[in-house]
Amino acid sequence: MKKIIALGGSNSKTSINKTLATYAANQIQDSEVTIIDLNEYSLPLYGPDLEKEKGIPQDANKLNTQLEEADGLVVSLAEHNGSYSVAFKNAFDWLSRIDQKVWKNKPMLLMATSPGGRGGATVLQAAKTSFPHLGAQIVADFSLPSFHNNFSETGITDDALKSELDQKINQLQNAI
(Lines give C-alpha, C1' and ligand atoms only; values in the text may rest on other atoms or scores of the structure.)
Protein backbone atom coordinates (compact mmCIF):
# COMPACT_ATOMS: atom_id res chain seq x y z
CA MET A 1 0.00 0.00 0.00
CA LYS A 2 1.54 3.31 -1.09
CA LYS A 3 1.27 6.35 1.18
CA ILE A 4 0.15 9.41 -0.75
CA ILE A 5 -0.08 12.98 0.55
CA ALA A 6 -2.77 15.23 -0.95
CA LEU A 7 -1.99 18.86 -0.17
CA GLY A 8 -3.99 21.88 -1.26
CA GLY A 9 -1.91 25.03 -0.96
CA SER A 10 -4.64 27.11 0.66
CA ASN A 11 -6.26 27.67 4.02
CA SER A 12 -9.73 28.12 2.58
CA LYS A 13 -12.22 25.77 4.24
CA THR A 14 -13.70 25.22 0.78
CA SER A 15 -10.37 25.03 -1.06
CA ILE A 16 -10.77 23.99 -4.67
CA ASN A 17 -7.08 23.07 -4.68
CA LYS A 18 -7.52 20.69 -1.75
CA THR A 19 -10.52 19.22 -3.60
CA LEU A 20 -8.47 18.71 -6.77
CA ALA A 21 -5.47 17.26 -4.91
CA THR A 22 -7.71 14.87 -2.97
CA TYR A 23 -9.49 13.77 -6.13
CA ALA A 24 -6.22 13.11 -7.98
CA ALA A 25 -4.59 11.33 -5.03
CA ASN A 26 -7.58 9.02 -4.64
CA GLN A 27 -7.16 7.87 -8.27
CA ILE A 28 -3.83 6.23 -7.43
CA GLN A 29 -4.26 2.49 -7.14
CA ASP A 30 -3.29 0.58 -4.01
CA SER A 31 -2.78 3.72 -1.99
CA GLU A 32 -3.61 5.21 1.36
CA VAL A 33 -4.25 8.95 1.05
CA THR A 34 -3.52 11.46 3.78
CA ILE A 35 -5.15 14.83 3.16
CA ILE A 36 -3.15 17.76 4.47
CA ASP A 37 -5.41 20.63 5.50
CA LEU A 38 -3.25 23.62 6.38
CA ASN A 39 -5.97 24.78 8.81
CA GLU A 40 -5.06 21.84 11.05
CA TYR A 41 -1.50 23.07 11.63
CA SER A 42 -0.80 25.85 14.09
CA LEU A 43 2.08 27.69 12.48
CA PRO A 44 2.83 31.26 13.52
CA LEU A 45 4.07 33.63 10.84
CA TYR A 46 7.65 32.61 10.16
CA GLY A 47 10.40 34.97 11.25
CA PRO A 48 14.04 34.36 12.17
CA ASP A 49 13.60 36.09 15.55
CA LEU A 50 10.63 33.88 16.40
CA GLU A 51 12.53 30.77 15.37
CA LYS A 52 15.50 31.82 17.53
CA GLU A 53 13.25 32.52 20.53
CA LYS A 54 10.85 29.58 20.33
CA GLY A 55 12.33 27.09 17.89
CA ILE A 56 10.47 25.12 15.25
CA PRO A 57 6.74 24.69 15.96
CA GLN A 58 5.58 21.17 16.80
CA ASP A 59 3.11 21.22 13.88
CA ALA A 60 5.91 22.04 11.42
CA ASN A 61 7.76 18.95 12.65
CA LYS A 62 4.55 16.91 12.34
CA LEU A 63 4.08 18.07 8.74
CA ASN A 64 7.73 17.33 7.96
CA THR A 65 7.34 13.79 9.31
CA GLN A 66 4.24 13.23 7.18
CA LEU A 67 6.19 14.25 4.08
CA GLU A 68 9.08 11.95 5.05
CA GLU A 69 6.75 8.98 5.45
CA ALA A 70 4.98 9.47 2.10
CA ASP A 71 5.74 7.51 -1.05
CA GLY A 72 4.28 10.20 -3.33
CA LEU A 73 2.91 13.72 -3.23
CA VAL A 74 -0.04 15.38 -4.95
CA VAL A 75 0.22 19.12 -4.44
CA SER A 76 -2.25 21.62 -5.87
CA LEU A 77 -1.44 25.27 -5.35
CA ALA A 78 -3.83 28.15 -4.90
CA GLU A 79 -2.78 31.32 -6.67
CA HIS A 80 -3.09 34.58 -4.75
CA ASN A 81 -2.08 37.63 -6.76
CA GLY A 82 0.17 35.52 -8.98
CA SER A 83 1.97 33.72 -6.13
CA TYR A 84 1.55 31.16 -3.36
CA SER A 85 -1.12 31.67 -0.73
CA VAL A 86 0.22 33.07 2.55
CA ALA A 87 -0.79 29.90 4.43
CA PHE A 88 1.14 27.68 2.03
CA LYS A 89 4.20 29.94 1.89
CA ASN A 90 4.34 30.11 5.69
CA ALA A 91 4.17 26.32 6.07
CA PHE A 92 6.74 25.97 3.30
CA ASP A 93 9.06 28.46 5.05
CA TRP A 94 8.86 26.56 8.35
CA LEU A 95 9.48 23.25 6.59
CA SER A 96 12.56 24.65 4.87
CA ARG A 97 14.04 25.47 8.29
CA ILE A 98 13.81 21.78 9.23
CA ASP A 99 15.14 20.40 5.95
CA GLN A 100 16.15 22.39 2.87
CA LYS A 101 14.87 19.45 0.79
CA VAL A 102 11.29 20.21 1.81
CA TRP A 103 9.82 17.69 -0.64
CA LYS A 104 12.16 14.84 0.40
CA ASN A 105 12.91 13.83 -3.23
CA LYS A 106 9.46 12.21 -3.41
CA PRO A 107 7.69 11.81 -6.74
CA MET A 108 5.22 14.67 -7.10
CA LEU A 109 2.22 15.51 -9.23
CA LEU A 110 2.19 19.30 -9.13
CA MET A 111 -1.08 21.03 -9.95
CA ALA A 112 -2.98 24.27 -9.69
CA THR A 113 -6.53 25.33 -10.28
CA SER A 114 -8.52 28.52 -10.03
CA PRO A 115 -11.98 29.82 -10.87
CA GLY A 116 -10.46 31.65 -13.85
CA GLY A 117 -9.34 30.52 -17.26
CA ARG A 118 -5.60 30.41 -16.49
CA GLY A 119 -6.00 27.74 -13.80
CA GLY A 120 -3.25 29.05 -11.54
CA ALA A 121 -0.69 28.98 -14.37
CA THR A 122 1.53 31.66 -12.82
CA VAL A 123 1.97 29.96 -9.43
CA LEU A 124 2.34 26.59 -11.14
CA GLN A 125 5.21 27.92 -13.24
CA ALA A 126 6.91 29.43 -10.18
CA ALA A 127 6.67 26.11 -8.34
CA LYS A 128 7.92 24.12 -11.34
CA THR A 129 11.00 26.35 -11.35
CA SER A 130 11.78 26.39 -7.63
CA PHE A 131 10.49 23.11 -6.16
CA PRO A 132 13.17 20.86 -7.77
CA HIS A 133 15.84 22.87 -5.93
CA LEU A 134 13.96 22.04 -2.72
CA GLY A 135 13.78 18.29 -3.20
CA ALA A 136 10.76 17.88 -5.47
CA GLN A 137 10.85 15.16 -8.07
CA ILE A 138 8.09 16.59 -10.28
CA VAL A 139 7.01 13.74 -12.53
CA ALA A 140 4.01 15.57 -13.98
CA ASP A 141 2.15 18.85 -13.72
CA PHE A 142 -1.41 19.85 -14.48
CA SER A 143 -3.43 23.05 -14.55
CA LEU A 144 -7.22 22.94 -14.36
CA PRO A 145 -8.79 26.15 -15.66
CA SER A 146 -12.24 27.38 -14.62
CA PHE A 147 -12.61 24.92 -11.76
CA HIS A 148 -16.34 25.46 -11.23
CA ASN A 149 -17.06 24.81 -14.92
CA ASN A 150 -14.78 21.78 -15.24
CA PHE A 151 -15.18 19.91 -11.93
CA SER A 152 -18.16 18.30 -10.20
CA GLU A 153 -18.67 15.89 -7.30
CA THR A 154 -17.69 13.03 -9.63
CA GLY A 155 -14.47 14.68 -10.86
CA ILE A 156 -13.37 16.48 -13.98
CA THR A 157 -16.26 16.96 -16.38
CA ASP A 158 -14.34 18.00 -19.52
CA ASP A 159 -13.24 14.82 -21.33
CA ALA A 160 -9.98 16.24 -22.70
CA LEU A 161 -8.93 17.64 -19.31
CA LYS A 162 -9.92 14.40 -17.57
CA SER A 163 -7.86 12.38 -20.02
CA GLU A 164 -4.88 14.69 -19.52
CA LEU A 165 -5.08 14.41 -15.73
CA ASP A 166 -5.50 10.62 -15.92
CA GLN A 167 -2.23 10.46 -17.89
CA LYS A 168 -0.48 12.63 -15.27
CA ILE A 169 -1.80 10.45 -12.44
CA ASN A 170 -0.48 7.36 -14.25
CA GLN A 171 2.94 9.04 -14.55
CA LEU A 172 2.98 9.59 -10.80
CA GLN A 173 1.81 6.07 -10.07
CA ASN A 174 4.56 4.65 -12.29
CA ALA A 175 7.18 6.79 -10.51
CA ILE A 176 6.20 5.62 -7.03
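The values are calculated or read from the model by the stated rules, or taken from the named source; none is laboratory data. Just so you know, these numbers come straight off a predicted model, no measurement behind them. Backbone-built Cβ (ideal geometry, glycine too); neighbour counts: all protein chains shown.
If you go through segment 117-163 and pick out every residue that is touching a residue at least 12 places away in the same chain (Cβ under 8 Å) and under 23 Å from Phe92 (Cβ atoms), you end up with 23. Considered as a group, the residues in segment 82-119 that are more than 20 Å from Leu63 (Cα to Cα) and in contact with a Leu (Cβ under 6 Å, 6 or more places away or on another chain) include one that is surrounded by the fewest Cβ atoms within 10 Å (Cβ to Cβ), and that residue is Gly119. Residues in segment 3-29 that are surrounded by fewer than 19 Cβ atoms within 10 Å (Cβ to Cβ), at pLDDT 95 or above and farther than 17 Å from Leu165 by Cβ: Lys3 only.
Would you confirm whether any residue within segment 90-112 is small (Gly, Ala, Ser), under 14 Å from the mean Cα position of the chain (by Cα) and within 19 Å of Tyr23 (Cβ to Cβ)? Checked segment 90-112: at least one residue is small (Gly, Ala, Ser), under 14 Å from the mean Cα position of the chain (by Cα) and within 19 Å of Tyr23 (Cβ to Cβ). If you filter segment 30-78 down to residues that are part of a strand (DSSP E or B) and either small (Gly, Ala, Ser) or at pLDDT below 95 (or both), you find that the one that is nearest to the chain's Cα centre (by Cα) is Ser76.
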